[in-house]
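Undergrad: Structure provided below as structure tokens; questions to follow.
The values are calculated or read from the model by the stated rules, or taken from the named source; none is laboratory data. These numbers were taken from a predicted model, which means no experiment stands behind them. All Cβ positions, glycine included, derive from the backbone under ideal geometry; neighbour counts span all protein chains shown. SASA here: full protein model, heavy atoms, side chains in, ligands and nucleic acids out. Shrake-Rupley method; radii C 1.70, N 1.55, O 1.52, S 1.80 Å.
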Amino acid sequence: MNAFRSYQPHSTRPSAAVTWRHIDAGDVPGLPDLRAVRLTATELAALGHLGAGTTNLMASREDGLSYDHCQRVCRAALDRVRTETDGRIMHMAGLLHHLYLTGILQPAKTGIAHTLSAQEHTIVDLIIAGVPIRELHEHLGTSKEAAKVVYRRLKETTGSATHLHLVGRAHALGVFASPRPRNVVVSPPLCPDALRVAKELVTGALNPAIADMLGMSVADVSGHLDRIGQLTCARARHTRAHQLLASGLVAPPPASRPLPVFSSAEKRLLSTLRSCETWQSIATSAGLPLSSVKPAMQSLIFRAGADNRTHIVGLAHAWDLFDHPPSARATPEVGPP
């Protein structure tokens, strides 16, 4: 039985939009407000296949979804969820985790009985946080080979085919059914040096300046920024800064002047910097012609007393212009150096 089978959308038509059932923050700590996000029945079916570890052939027989089509549907759903939750759900594993937590998807039943060890709990948490499998050892404090052995054994004992299937299996085993003492990864772990780079990034400083301030090479700074980008799934400096600030990994930079009185159009333009990474996407989200979005942004940056887009994102957080639930500012864990 596939994970999505037990979920009944508001309409049986495949194109029907399904509204996420809202879970109060007190019920599930750290859960984004998903009321405004809508997924179609087809998207839920495709996501259900990923969480259930369904094979390509089974997917085609049961729903007419080829593997490639299933992947495209899931990626499109994740992109939309990433935007509409202001980047608080960035990875496919995290999306599946929240679908199971909210009861929108039900994990496929399994006859396997397995109690996860503390280390195995941590592996599941890291996967949900979006840490690549090849980098698990950096956060487990073990060698790469030892981490591979533990991960492979965990997949075998839970009957999981993939890391996404493992998320579904963990829910089927009741790992998240009740509170348990464990190290929950509420935001991507960073090594101390990467965290130092992150603190300078949100001030709008460029790589050569960061390197001078921290006594690093420009190449090292670039490497740490690449790592931040991988963990946050953000490609632009300003969206990386927003993810770092929204998760509470770093504090906002000090504001040298009081909050300016922004117009509604300026506030809308500023808000696009949370998730939009290209001038085209910024223009579309702000409702501006592409030819006028750059001058409008330059005017906004000047009025805020900022140096660039990354700096104005940092100042917006300092002025508390971006709304975030208290759970989004929980103290994160810092990974090993």
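Undergrad: In the neighborhood of residue 196, defined by Cβ-to-Cβ distances under 14 Å, what is the net charge if each Lys or Arg adds +1 and each Asp or Glu adds -1?
TA: Charge balance near residue 196 sits at -2.
Undergrad: Whose amide H sits under 5 Å from the amide H of residue 40, counting only residues 5 or more places off or on another chain, with H placed in the peptide plane?
TA: 18
Undergrad: Let me ask you something else. Where the centroid of each part is defined by its Cα atoms, how far is the range 271-311 from the range 124-166 in Å?
TA: Here the answer is 39 Å between Cα centres.
Undergrad: Which ³J(HN,Hα) values in Hz, rounded to whole numbers, follow from the phi angles of the range 218-223 under the Karplus curve 6.51 cos²θ - 1.76 cosθ + 1.60, where θ = phi - 60° and Gly and Pro get x?
TA: 4, 5, 5, 4, 4, x
Undergrad: What distance in nm separates the two pseudo spin-label positions at residue 251 and residue 161, each 7 Å out from Cα along the beta-carbon direction?
TA: Modelled inter-label distance: 5.0 nm.
Undergrad: Measuring from label point to label point, each 7 Å out along Cα→Cβ, what is the residue 38 to residue 219 span in nm?
TA: Between residue 38 and residue 219, the simple spin-label model gives 5.2 nm.
Undergrad: Here is a further query. Rg over Rh of the range 103-165, using C-alpha atoms and the Kirkwood radius, what does it come to?
TA: 0.98
Undergrad: What number comes out for accessible area per residue over the range 207-296 if the probe is 1.4 Å? Units Å², please.
TA: That works out to 48 Å² for each residue.
Undergrad: Can you tell me the length gained on complete extension of the stretch residue 280 to residue 263, counting 0.36 nm per residue apart and subtracting the Cα distance?
TA: Between residue 280 and residue 263, full extension yields 4.0 nm more.
Undergrad: What does the extension gain come out to for residue 209 and residue 308, with contour length at 0.36 nm per residue minus their alpha carbon separation?
TA: 34.2 nm
Undergrad: Residue 72 to residue 142: extension gain in nm, 0.36 nm per residue of separation minus the Cα-Cα distance?
TA: Separation in residues times 0.36 nm, less the Cα-Cα distance, equals 21.7 nm.
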